[in-house]
Each structure stands twice: as structure tokens, then as C-alpha cells.
Amino acid sequence: MSLSPSNFENILVMGKSGAGKQPRIDVFTSDFGLKQLSTGNIFRSFMKIFNDAAYEGDINQFYDDKKNGFIEDKEIKKTLGSSIDNSIIDDFLLGLKAHYYVSNGKYVPDSLTNMLFESYFSKSNYKGMVLDGYPRTVAQAEYLLKLIEEKETKIDAIILVENEDEAIIKRTMGRRICPSCGAVFHLEFKPPKDGKLCTKCGTEVILRSDDTEEKLRTRLQEFKDKTMPTIEYLSKKGIPVVKAEGNLPVFTEEAVKKSVVDGLKESGLL
Ligand SMILES: [Zn+2]
């Protein structure tokens, strides 16, 4: 079956952290009319709802260590009383939970990630999205497929951006950001002024705290342990996996677009 671009309902872009997913995502948002749905942004937006409410109590009281999870929502609501506006209480609770796991550096349970994801996915009627950072585990993939089936939409393909670990480490370690305006540089490919100053505002650029080699290797290992089995699972369920080379000899917008489009054509999706 061949599809015209406008027929894409949902695309998953997957790959190791630092493999170069964003430029491929950009192809789908600029040329195929899809919108990016990124788990990172979803988490940030829920945590913002929590933070904006300026709750002054201790949120640890809602977590039951024995049960290894949160106490019932209705119990939490009882304790919160009228301190949180009723119109935002459900989103506030999701934000509170996300905040708890992230700020304690704990692994976010799939059940919570699924709920946060669905709350955003539902706003677009479960279609028209490029999913970024979801699903990351087999349990999340099972949830997504169930959702897609219930809502009668579909996942057209997984774009798997491929890149060698060592190439990713080399590229990521060269990345610098401006702490003041957020501009992104690369010591080799997009150097800051005099090797250290932001070309937009002149601030000295820094290495992101997430970009240490140790953290990067942990993320690469997680990809092997959790995300690869997820991709295999989705592939077995019949979702085409389109491979896209992450390390292009010439890195231009056109070359990136071509690599994605060629892959889609080879898989008969275009
Ligand atoms: Zn700057």
C-alpha cells in the first residue's frame, strides 16, 4: 500500500540519545504536516502546573514507601482540601507525581508516563503526531498500541535513526549551550566565537550538565536494554521500521530530508 504524505497519522522517531533525532522530526513537522509530541515537553508542562500552584506542603507525605507508589488520589485530594483550585486538580496531581519522581531522581513508572502521554495525545484526537521519546519501554508500547486500536488511528512507521555509540559520544561531548539565551553550538561543527563565546549574546558557553560522558553512556545502555526490545516488539506487531542513517557525510537540511524520504520510499510508505 502506498500512502501520500498527508495520509500519515502518526510517526515514531526513535534512536539513541544524541543520534540526531531532531532533524528527522523536523522533516515530518515541516514537510508532512505533523506535530511533535515530546515526552520531555509533556513532563515539563505538567511539572510547571505543579510549580505554578505554589503548593507549600510536603509532597513526600503522599508517597507510600511500603506500597512503592502514591496513596489513592482521593486521599491526596482530601489532604489538599481547597488549597488547589478544583479546575486544575487532576493535572496538578499528575504534575505533583512527575515532580516527585524527577526531583528524587527515581525511575518514573510506566503507568504515570502513559497517563501523561495520553492526556496530550488525546488533545489531538490521537493522530497527526511525531512521537519523540515515547514509547521507551515494551510496557509503554503495549499501552500505545492498545490506545491506537481503541481510537482507530494508526502508527505508520518507526523512523530508527542509527548512529554508532562512539560517534555519538564524540559529537555530544563537543556540544555547548549558552546559559543565557539557550543557543546551541558545537566546538567542531558550529563553533562559538573564539571557541567559547555565544555568537548571539556574548555569554561564555557551557557543557550541559546532562552531557557528561558517564551520563551519556548510561543513556546509551538504557537504549540497548529497554528501547531496542521496544522497537523489536513494535516491529513484530507489524509496524514498519525505516532505518535512517544518523551520521550523514554532508549534513544539510536537504540531505537529512532525502535520507528520510528515501527510507520511506524503500519501505513502500511513499
Ligand atoms: Zn547567548
- prompt: What trypsin sites (Lys or Arg not before Pro) does the stretch 220-270 have in DSSP loop regions with at most 15 other beta carbons within 10 Å?
  reply: 237
message: So for the stretch 153-231, averaging the separation of alpha carbon pairs under 8 Å that are six or more residues apart and normalising by length, what relative contact order in percent results?
response: 24 percent
- request: Just grab the label-to-label distance for residue 88 and residue 212, each label 7 Å out from Cα along the Cβ direction, in nm (one decimal).
  value: 3.4 nm
- line: Taking Cα pairs closer than 8 Å and at least 6 residues apart, the relative contact order of the chain in percent is 29 percent
query: Ranked by Cβ crowding within 10 angstrom, fewest neighbours first, how are 227, 79, 153 ordered?
result: 79, 153, 227
message: How would the stretch 35-105 be classified by its alpha-carbon gyration tensor: rounded, prolate or oblate, with rounded meaning a/c under 1.5 and the a/b versus b/c comparison settling the rest?
response: oblate
message: Using Cβ contacts closer than 10 Å as the measure, can you line up 89, 42 from fewest to most?
response: 89, 42
message: Can you tell me which of 164, 75, 118 moves the most in a GNM of the chain? Springs connect C-alpha atoms under 10 Å apart.
response: 75
Length-normalised contact order of the stretch 135-266 in % [C-alpha pairs under 8 Å, at least 6 apart]: 33 percent
- prompt: For residue 237 and residue 54, what is the calculated FRET efficiency with R₀ set at 30 Å and r taken between the beta-carbons, to the nearest 0.05?
  reply: 0.10
message: What whole-number distance in Å separates the alpha-carbon centres of the stretch 182-249 and the stretch 132-150?
response: 23 Å
statement: Filtering chymotrypsin sites (Phe, Trp or Tyr not before Pro) in the stretch 130-231 by DSSP loop and by at most 15 other Cβ atoms within 10 Å leaves 189
- prompt: Short version: ³J(HN,Hα) in whole Hz for each residue of the stretch 90-105, in order, from phi by Karplus 6.51 cos²θ - 1.76 cosθ + 1.60 (θ = phi - 60°), x for Gly and Pro, what are they?
  reply: 5, 5, 4, 4, 5, x, 4, 5, 4, 4, 4, 5, 5, 6, 8, x
- request: Rounded to the nearest 500, what is the 222 nm mean residue ellipticity of the chain from helices alone, with -39500 (n - 2.57) per DSSP H run of 4+ residues and division by all residues?
  value: -13000 deg cm²/dmol
- prompt: Taking the chain on its own, what percent of its Cα-Cα pair distances exceed 29 Å?
  reply: 41 percent
statement: Residue separation between residue 122 and residue 194 times 0.36 nm, minus their alpha-carbon distance, gives in nm 21.2 nm
Fewest-first ranking of 99, 186, using other Cβ atoms within 10 Å as the exposure measure: 186, 99
query: Once phi is turned into ³J(HN,Hα) by the Karplus curve 6.51 cos²θ - 1.76 cosθ + 1.60 with θ = phi - 60°, what whole-Hz value does each residue of the stretch 248-261 show in order, with x for glycine and proline?
result: 7, x, 10, 9, 10, 4, 4, 5, 5, 4, 4, 4, 6, 5
- prompt: How big is the Cα convex hull of the stretch 202-267 in projection, averaged over all directions, in nm²?
  reply: 7.2 nm²
task: Name the residue, out of 113, 199, 230, whose mean-square fluctuation peaks in a Gaussian network model built on the chain with Cα pairs under 10 Å.
output: 199
Residues residue 146 and residue 186, FRET efficiency given R0 of 51 Å [Cβ-Cβ distance, rounded to 0.05]: 0.80
Under the Karplus curve 6.51 cos²θ - 1.76 cosθ + 1.60, θ = phi - 60°, whole-Hz ³J(HN,Hα) for the stretch 177-189, x wherever Gly or Pro sits: 10, 8, x, 9, 10, x, 4, 10, 10, 9, 3, 9, 8
- prompt: Looking only at 231, 88, 169, which one moves most when the chain is put into a Gaussian network model with springs between Cα atoms under 10 Å?
  reply: 88
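Quick note: the coordinates plus some simple rules give every number you see, no bench work behind them. Computed from a predicted structure; not experimentally measured. Note: ideal-geometry Cβ built from the backbone for every residue, glycine included; neighbour counts use all protein chains shown.
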